[in-house]
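The values are calculated or read from the model by the stated rules, or taken from the named source; none is laboratory data. Keep in mind that this is a model prediction, so the values were computed, not measured. Glycine also receives a Cβ, built like all others from the backbone with ideal geometry; neighbour counts cover every protein chain displayed.
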Amino acid sequence: MTEIAYDKPLPALEGLSKEFYDWCRQGELRFQRCKCCGTFRHVPREICAQCSSFDWEWVRSSGKGTIFTWTVVARALHPAFGNAAPYAPVVVEMEEGVRVLTQMLDCPPEELKIGMPVQVEFRAVTDAVTLPYFRRA
């Protein structure tokens, strides 16, 4: 994991969200999987949307996925992102079927392609928060 200077809003580290980011801090991308029907889910929540079960577990992801979609932000709406524009928030569809909103590390917006294979890479942005970013696979 690499620590970088980070001046943007951070995720709230509470409840199931904290558990997700605790796994990221350990260098593992994990998603919830329902123990009843086997459906993966993200963002973390208590109940399965498929079968309404409360019985679930954290399962390690392969870390592999493909770009599902993206958009190019030319004018940031939040001041912390002003110097980063233009940038491209990317939605990655993971092998497990869940989708993650993230950013690419090595790919300018004009080189993004739907279906492009990607791999997770973790970046420690504070002592408490490690974020999952992606690189071309």
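The selection criterion, being in contact (Cβ under 8 Å) with a residue 40 or more places away in the chain, closer than 25 Å to Leu10 by Cβ and among the hydroxyl-bearing types (Ser, Thr, Tyr), does not hold for Thr102. Beta carbons closer than 8 Å, at least 6 apart along the sequence or on distinct chains, pair a first residue in the range 37-60 that is in a loop (DSSP other than H, G, I, E, B) with a second that is of a type in the set (Val, Ile, Thr) for His42/Val98; His42/Val100; Cys48/Thr39; Ala49/Thr39; Gln50/Thr39; Cys51/Thr39; Ser53/Ile47; Phe54/Ile47.
Taken as a whole, the range 68-89 holds no residue that is over 26 Å from Tyr6 (Cα atoms) and touching a Leu at 6+ places or on another chain (Cβ under 8 Å). Can Gly97 be described as under 14 Å from Tyr133 (Cβ atoms), at pLDDT 95 or above and either of a type in the set (Val, Ile, Thr) or surrounded by 12 or more Cβ atoms within 10 Å (Cβ to Cβ) (or both)? For Gly97, the condition - under 14 Å from Tyr133 (Cβ atoms), at pLDDT 95 or above and either of a type in the set (Val, Ile, Thr) or surrounded by 12 or more Cβ atoms within 10 Å (Cβ to Cβ) (or both) - is not met. Among residues of the range 66-78 that are on the phi < 0 side of the Ramachandran plot, those with a beta-carbon under 7 Å from a residue that is among the charged types (D, E, K, R) and surrounded by 13 or more Cβ atoms within 10 Å (Cβ to Cβ) at least six positions away or on a different chain give the pairs Thr66/Glu93; Phe68/Glu93; Phe68/Arg99. The lone criterion from (1) loosely packed, with under 12 Cβ neighbours inside 10 Å; (2) in contact with a strand residue (DSSP E or B) (Cβ under 6 Å, 6 or more places away or on another chain) left unmet by Leu131 is number (1).
Any idea how many residues of the range 117-137 are polar (S, T, N, Q) and either within 15 Å of the chain's Cα centre (by Cα) or part of a strand (DSSP E or B) (or both)? Looking only at that region, the number is 2.
Filtering the range 66-116 to residues that are part of a strand (DSSP E or B) and of a type in the set (D, E, K, R) leaves Glu93, Arg99.
Just one of the numbered conditions (1) out of contact with any helix residue (DSSP H, G or I) (no Cβ under 8 Å at 6 or more places or on another chain); (2) surrounded by 13 or more Cβ atoms within 10 Å (Cβ to Cβ) is not true of Gly82: (2). If you scan the range 111-137, which residues turn out to be of a type in the set (Val, Ile, Thr) and in contact with a helix residue (DSSP H, G or I) (Cβ under 8 Å, 6 or more places away or on another chain)? Selection gives Val129, Thr130. Of everything listed in (1) surrounded by fewer than 17 Cβ atoms within 10 Å (Cβ to Cβ); (2) within 20 Å of Tyr133 (Cβ to Cβ); (3) modelled with pLDDT under 95, the single unmet condition for Tyr87 is (1). Can you name the number of the only condition in (1) in a strand (DSSP E or B); (2) within 26 Å of Pro89 (Cα to Cα); (3) not aliphatic (A, V, I, L, M) that Glu19 fails? The single condition Glu19 does not satisfy is (1).
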